[in-house]
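What follows is a short report on a single structure.
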Amino acid sequence: MYCNEKQDLNCKIYALGSSDLGKERFKDYLNNPLFTYIQHDVNNVLNLDDKIDYVMHLASNTHPMLYAKEPIKTITTNIIGTYNLLNFSVSKNIKRFVFASSVEIY
């Protein structure tokens with residue numbers, strides 16, 4: 001979104017989040033026509049009709065308290081979520097796929 005604003009990139013962004021908390025995180029962009037927030041858990045298959053060029057999987061728990069509280073959800077997001085997003089990426093013939101986290105590197 002920074003490049004859209006500062007460099008007139010005109011890149012459509014789809015941000016997925018498993019809860020309404022994402023709406024708060026992205027509140028500055030919710031009315032921007034180049035931004036779409038979709039409430040979706042990556043542990044479920046993603047269906048999106050639009051053309052997609054890049055997928056960035058950043059959907060892992062990053063806080064040690066969440067690891068302890070929700071260990072199964074953490075690992076399924078990393079394994080099943082990645083599997084679902086890779087299948088989605090293949091179906092869309094994307095250019096690049098990135099899997100990262102602010103705390104871990106996979």
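Quick notes on this structure:
- Meets criteria (in contact with a Ser or Thr (Cβ under 6 Å, 6 or more places away or on another chain) and in a loop (DSSP other than H, G, I, E, B)) for N10: no
- Criterion (of a type outside the set (D, E) and free of Cβ contacts under 8 Å to residues at least 24 places away in the same chain) met by exactly one of I80, I94, I75: I75
- Selection within segment 32-44 - surrounded by 13 or more Cβ atoms within 10 Å (Cβ to Cβ) and either among the charged types (D, E, K, R) or outside any strand (DSSP E or B) (or both): N32, L34, H40, D41, V42, N43
Here's the yes/no breakdown for (1) within 22 Å of N4 (Cβ to Cβ); (2) within 11 Å of the chain's Cα centre (by Cα); (3) at pLDDT 85 or above:
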| site | (1), (2), (3) |
| --- | --- |
| L21 | no, no, no |
| N31 | yes, no, yes |
| L34 | yes, no, yes |
| I52 | yes, no, yes |
| T62 | no, no, no |
| P71 | no, no, no |
| T74 | no, no, no |
| L85 | no, yes, yes |
| R96 | yes, no, yes |
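- Single condition I52 does not satisfy, out of (1) touching a helix residue (DSSP H, G or I) at 6+ places or on another chain (Cβ under 7 Å); (2) surrounded by fewer than 17 Cβ atoms within 10 Å (Cβ to Cβ): (2)
- Scanning segment 77-94 for residues that are of a type in the set (A, V, I, L, M) and surrounded by 14 or more Cβ atoms within 10 Å (Cβ to Cβ) turns up I80, L85, L86, I94.
The values are calculated or read from the model by the stated rules, or taken from the named source; none is laboratory data. As the structure is a computational prediction, the values presented were derived from the model and not from experiment. Here Cβ is always computed from backbone atoms with ideal geometry, including for glycine, and neighbour counts include all displayed protein chains.
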